């Protein structure tokens, strides 16, 4: 699993995510880092969709919830588009996706 973590962290750094040098495992990611990573990855995949997405968390809990929902919806849009492209996945397969953002 460590090798998978290294590959993912390397890829995230390549798209501009600020992953600290002290982070070498995915389970060390903070909520802020996850939001930044998801937002930047979507921008790479679809600049039109990703350009409107946040890459940082606001301070308020309700605003954090909205950011999480925006990111989850963007992921769902990309999943549906991939399914329509014939990759064998069902449209809306990520419908249960939740981007959880802890309080604090």
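The residue 44 and residue 2 beta-carbon pair, evaluated with R₀ = 22 Å, returns a calculated FRET efficiency of approximately 0.35. In the range 30-84, one over the average inverse separation of all distinct C-alpha pairs is 11.3 Å, which is the Kirkwood hydrodynamic radius. Stretching the chain fully between residue 52 and residue 10 yields a gain of 12.7 nm (0.36 nm per residue, less the alpha carbon separation).
No lab work stands behind these numbers, since they all come straight from the coordinates. Keep in mind that what you see is a predicted model, and the values were worked out from it rather than measured. So basically every Cβ, Gly included, is an ideal-geometry build from the backbone, and we count neighbours across all protein chains shown.
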